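Written below as structure tokens is the structure these notes are about.
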Amino acid sequence: MTMPPTAKPRLGLRSFRAKFLIVVGGAVLFDLLVSGGLALWNVQRLSRNATAQVGEGLEKASQDYIRSYTNSTAAQVGLLLDQVHSDVSALAGVLQGQIDHPTRNGNVGTALAKAAPDAVTVTYDPVGQWAQNLPGGPSVISVWGYMLDKDHHPFPQVQADIETSAILDLVAPSLLHNGASKLQMYYIGPRERPIFRTAPYTTQAQTFDRLYPGHNSADFWTFFFPGLYESWQQWALSPSSRPVANYITQTAPYTDAITGKLIVSFFHPLWTADRHGVAGAAGADITLTQLAEIVENVKVAQSGFGFLTMSNGNVVAINPVGEKAIGLRAANDAANKGVTGLDRSLRNSTQKAIATMPLDADGAIQHISLTEHGEEVPYLVVVKQLRPTNLWVSGPIQREVMSLGIVVPEREIYASLIAAKEEISRATNRILLYQILAVLVSLMIVTAAVFAASKRITGGISALAGAAKRIQAKDYSVRVDIPTRDEVAEAGVAFNRMAEEISFHTENLEKLVVERTKEIEAAKEEISTLANQLKSENLRLGAELDVARHIQRMVLPRAKELTAFKHLEIAAYMRPADEVGGDYYDVLQHGNNLKIGIGDVTGHGLESGVLMLMVQSIARALQEAGEMDPAKFLADLNRTIFKNIERTETDKHITLSFLDYDGKRLTISGQHEDMIIIRQNGEVERIDTGDLGLPVGLEADITQFIDTREVSFEKGDMVVLHTDGVTEAENPSGELFGFERLLQDARRLHGGTAEEVVKGILDDLMAYIGTQKIHDDITLVVMRHR
């Protein structure tokens, strides 16, 4: 008998297989989607929270940095102005003292007329119709035509003013040489006798004739400074009428008639002895470049810049890049005034945000947008107001508050914030991708298992119906026990296996989500902790370096120590490569003996700076103890330094030389860089110190290595000392500045003062270095016998 063929099960909606697939597959899919979705949502929420907290901290740190930078730059500008105020007040004090003591004033005038007749004798110029002293003196005195009698001689009272004003020759050169760098200092007489004495000597009246026709026949004060003299007269009657409680009056920037440079003038009025009238003024000029250098050297991020502006928005200092960025347009104002002003106003800016920007938001962060190449670029601006001053601008004196501004693109100042957000975003995306892949893999495995089991089911199986319902209710612990050995038993075995796999994957997926969530929380806490530690460490290190740098600057010789010897000019400069340098120089005086030291600690930074301070302290102690023998002085210093180096376990030593001067000869001891001597006749000597000692701190006793060498030091001779930071400085091509270039600079600058020699060498050195990083400390000392 032939058996009928086995009927293949159909996959209809009412079949057991279809129901099995719908119920089990749907339940597993739902569980995977819900669990995976919750995990992804938690990851995204943690990412947003971390980004917000990191962003808030970095944004606050960036803004605090900009404010701090603005405050320090404003302090530098204020310091320069304070130095000029001090020098003008000193000159005014001397001149006012002469006015208040007429008898002494006359005696001083008579004495100066005898001692320096070329300073008080004026010669008439028939072309210009004014009188002026001939070149040769420290100052020039100009007397306009209306102060001359018919024989072209100064009226008696004018001549008396000429003689008494010659005291400027005694005071001004010293003030010009010391303190803030000034273009010129001068005295202007009262309205009825406005003689004009200026130091240093220039072709004063000749320049006025060329630039200001008609000045010689006009009232000086009204022609050049209308309203200024009247304001001072009002102050004499009512001191409380001063806009600012200070007698110093500052002008807006203008073109100087003598030098042709943009300058700022500072006046201090002089009063009559009874203080009821104006007796003239003392003054000083500084170039706008001196103010501009502070502002133009501002460097925040990559392209941030600064500007200095008057309260009316007129910008007096800004670098070319910044001027273009904020859309300034400059124009000189020469509308029939005695002086020619500078007009470069923020209010005329092509950038609308700059033209309307408030200048009284002292220290506040302003967010603006500037147009660059047709696009709006966000910027941050901080404006810091300086101390109020009395300002003259072609009229009555007014109260003026200048402001310093710092402008920086947001994309640069927030670069670290943007990078942190991007890194957190990338990390979040990686976690999301891994979670999605895990869900998809689990879904594929479960789906494959369900289909594999369903293929074994060909008919209705009542024994599995109840168990299937429990599976549908997510009771994955259910198992069926079918004792038969037929296909139903095999289906039961497959069912049990399927239930076990579903339970396994569900439980493990939940554990995986929990574990990943805990890992993310732990990573977030670790990032926060590390960020706080890094911030605290940076603050601590910054404070320590500030203290060390401050201590190092405190122990450097003061200006009065450099000028203590009557026949010597000493000028010095030191610039560390890091916050704290390892170069050393000192000027020590004991009785009539002078000891100058210069040295270079290996490396640079905090450890080198500390060793430098040790050397300075020990040298000072030995000098004060009266140790005058150069060899023993150096041996004792080395012994102490060696013990300190052993104690601190640092791998440092220092090349060190001393120059002892007793008023006639120089005695050199110790090993350091070669010394340069330029004789009065221009002859150059190079002193090799290699055989005069051993680096300090290498051996406990270097007595046997120390030697001395005596050289003459006569009037007009000049000594140049340096560290290898000068000769080993590199230009952008990596070429060294070199000893020969230093030697040539010293020979070329030999005729100038010690300060001029130092400045000339440094100007050449910095121009040679250009944009190259300075890798080593730079120290330069020049001593000139005058």
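Coordinate-derived values only; no laboratory data. Everything numeric in this text was worked out from a predicted model, so none of it was measured. Cβ sites come from the backbone with ideal geometry, for glycine too, and all protein chains shown count toward neighbours.
See the values below:
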quantity: Label-point separation, Asp151 to Val401 (7 Å along Cα→Cβ), nm; calculated: 5.9
quantity: Computed FRET value (nearest 0.05) for Gln704 with Ala625, which takes r as the C-beta separation and R₀ as 22 Å; calculated: 0.40
quantity: Separation between Cα centres of the stretch 587-633 and the stretch 56-110, rounded to whole Å; calculated: 33
quantity: Inter-probe distance in nm under a simple model that places probes 7 Å from Cα toward Cβ, at Thr222 and Arg426; calculated: 7.5
quantity: Fewest-first sequence of Glu710, Glu375 by Cβ atoms within 10 Å of each Cβ; calculated: Glu375, Glu710
quantity: Theoretical FRET efficiency, 1/(1+(r/R0)^6), r = Cβ-Cβ of Val555 and Ser181, R0 30 Å, to 0.05; calculated: 0.75
quantity: Ranked list, fewest to most other Cβ atoms within 10 Å of each Cβ, for Val244, Val441; calculated: Val441, Val244
quantity: Aspartates and glutamates whose Cα lies under 20 Å from that of Lys632, excluding same-chain neighbours fewer than 8 positions away; calculated: Asp586, Glu624, Asp660, Asp662, Asp691, Glu699, Asp701, Asp707, Glu710
quantity: FRET efficiency estimate (nearest 0.05) - Cβ-Cβ, Gln63 to Asp475, R0 45 angstrom; calculated: 0.15
quantity: Within the stretch 216-322, chymotrypsin sites (Phe, Trp or Tyr not before Pro) in DSSP loop having at most 11 other beta-carbon neighbours inside 10 Å; calculated: none
quantity: Label-reachable residues, the stretch 96-117, where backbone N falls under 14 Å from a point 7 Å from Ala273's Cα toward its Cβ; calculated: 96-108
quantity: Fewest-first sequence of Ser86, Ser238 by Cβ atoms within 10 Å of each Cβ; calculated: Ser238, Ser86
quantity: Across Lys60/Lys384; Lys261/Lys715; Lys560/Lys773; Lys299/Lys652, pairs whose alpha-carbon gap is larger than 25 Å; calculated: Lys261/Lys715; Lys560/Lys773; Lys299/Lys652
quantity: Length released on extending from Ser174 to Lys643, taking residue separation times 0.36 nm less the Cα-Cα span; calculated: 164.3 nm
quantity: Separation of alpha-carbon centers, the stretch 165-229 and the stretch 558-579, rounded to whole Å; calculated: 32
quantity: Nitroxide proxy distance, nm - points 7 Å out along Cα→Cβ at Lys324 and Val94; calculated: 4.6
